[in-house]
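Here is the structure we will look at.
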Amino acid sequence: MSIRESVWNTAPTSAPAQRGDRYALGSADHPAKMLPAIAAHAIRTYTQPGDLVLDPMCGIGTTLVEAVHLGRHAFGTEYEPKWANMARTNLALAARQGATGKAAVTCTDARHLLTHIPPERHGTAALVITSPPYGPSVHGQVRSTRETGERGVVKNHYRYSRDPHNLAHVATDQLLDAFTHILTQCRTMLRPGGTAVVTTRPWRTRGELIDLPSAVLAAGQAAGLTPVERCVALLAGIRDSRLIARPSFFQMKNVRDARREGIPLHLVQHEDVLIFTRPAPHPTASRHTPRTGRDRYPIQPTTGRCNYHRADRRKKG
């Protein structure tokens, strides 16, 4: 087996440059988008063409879009109708651009994932890619006086939604309980030997470090997954062997404010990437069992508050 790199060079270009014309207008409004290069790297590393990729909190559909462009099939769920609809729009754009994979999106709470997937599809996913919401640490976007005509800096697009039931707005212990439940369902969706990739990062609340990566590692183990790798996905570019940081306005402001108060805060320029596998049921089970025909076709969700992509799929044939 080839040796995998533990540091992923996933920001050779900026996030807007990575999305380019592959994502529809409005995609940038989501407050915590995964870098397309992170999703693409995981998909290339842990799957083969025709495999099924799952994202239970898919947001604007970054994981799904990168999967179908790489010839994989994908299924995603998303709690917020606005973002589920944007994921549908991005998938339709990918299809027009020639993506060969097929995908489906349903709008539902990820904690109810299995109720929206037919039982015969359980155990068929090669890869899960997901990330817990960064509610307390989302910075959003800013507009200057020159852009708005208003005095000072205006902050916008810094909330997932105003729904208090969204996991981005609950306490950390509630978030971790819910995320453990979601990972347990993802374990059921993975085929034996399948891989789960979770990206996360720490944040600070009133100066106190919240070690979310370690908490997510424990959640994955509690869900019955086996940790096998811990990697770093860079959010900074590399030029002449040096890191080129691309911080947001609020990242820079928070660091400067902390240092003025004597707190030696530094810019976080990476995502922690936790890699888990679903244990095989017995030692002779194949880690990469080939699937053909119906098993390789994307999931058709059974029910949901909004099932956006099914009609679009019928149009495309």
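The values are calculated or read from the model by the stated rules, or taken from the named source; none is laboratory data. Keep in mind that this is a model prediction, so the values were computed, not measured. Counting neighbours? That spans all protein chains shown, and the Cβs are built from the backbone with ideal geometry, glycine included. The area values use the complete protein model at the heavy-atom level, side chains included, leaving out ligands, DNA and RNA. Shrake-Rupley method; radii C 1.70, N 1.55, O 1.52, S 1.80 Å.
Table for the structure above
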{"item": "Residue list for the stretch 267-300, restricted to those being under 21 Å from the mean Cα position of the chain (by Cα), in a loop (DSSP other than H, G, I, E, B) and either charged (D, E, K, R) or at pLDDT below 80 (or both)", "result": "R278, P298, I299, Q300"}
{"item": "Residue count for the stretch 198-255, restricted to those that are assigned to a helix (DSSP H, G or I) and touching an Asp or Glu at 6+ places or on another chain (Cβ under 6 Å)", "result": "1"}
{"item": "The stretch 8-25 residues that are part of a loop (DSSP other than H, G, I, E, B), paired with ones that are open to solvent by 60 Å² or more (accessible area, probe 1.4 Å) and aliphatic (A, V, I, L, M) (beta carbon under 8 Å, 6 or more apart)", "result": "N9/I238; P12/I238"}
{"item": "Residue within the stretch 28-47 that is out of contact with any Cys (no Cβ under 8 Å at 6 or more places or on another chain) and without any contact (Cβ under 8 Å) to a residue 24 or more places away in the chain present", "result": "no"}
{"item": "Number of the exception - V197 against (1) out of contact with any helix residue (DSSP H, G or I) (no Cβ under 9 Å at 6 or more places or on another chain); (2) open to solvent by less than 30 Å² (accessible area, probe 1.4 Å); (3) at pLDDT 90 or above", "result": "(1)"}
{"item": "Positions within the stretch 8-52 being in contact with a Phe, Trp or Tyr (Cβ under 9 Å, 6 or more places away or on another chain), at pLDDT 95 or above and small (G, A, S), in sequence order", "result": "A37, A42"}
{"item": "Near pairs, Cβ below 9 angstrom, 6+ apart or cross-chain, from the stretch 239-253 (under 23 Å from R204 (Cα atoms) and of a type in the set (S, T, N, Q)) to any residue that is open to solvent by less than 100 Å² (accessible area, probe 1.4 Å) and at pLDDT below 85", "result": "S248/H139; S248/G140; S248/Q141; S248/V142; Q251/H139; Q251/L267; Q251/V268"}
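To keep it simple, each residue is scored yes or no on (1) open to solvent by 90 Å² or more (accessible area, probe 1.4 Å); (2) over 20 Å from A39 (Cα atoms); (3) out of contact with any Phe, Trp or Tyr (no Cβ under 8 Å at 6 or more places or on another chain).
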| position | (1), (2), (3) |
| --- | --- |
| S241 | yes, yes, yes |
| I244 | no, yes, yes |
| Q251 | no, yes, yes |
| N254 | no, yes, yes |
| G262 | no, yes, yes |
| V273 | no, no, no |
| T277 | no, no, yes |
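Let's see how each residue does on (1) farther than 25 Å from T172 by Cβ; (2) open to solvent by less than 40 Å² (accessible area, probe 1.4 Å); (3) at pLDDT 90 or above:
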{"position": "E208", "(1), (2), (3)": "no, no, no"}
{"position": "P213", "(1), (2), (3)": "no, yes, yes"}
{"position": "A223", "(1), (2), (3)": "no, yes, yes"}
{"position": "T226", "(1), (2), (3)": "no, no, yes"}
{"position": "I238", "(1), (2), (3)": "yes, no, yes"}
{"position": "L265", "(1), (2), (3)": "no, yes, no"}
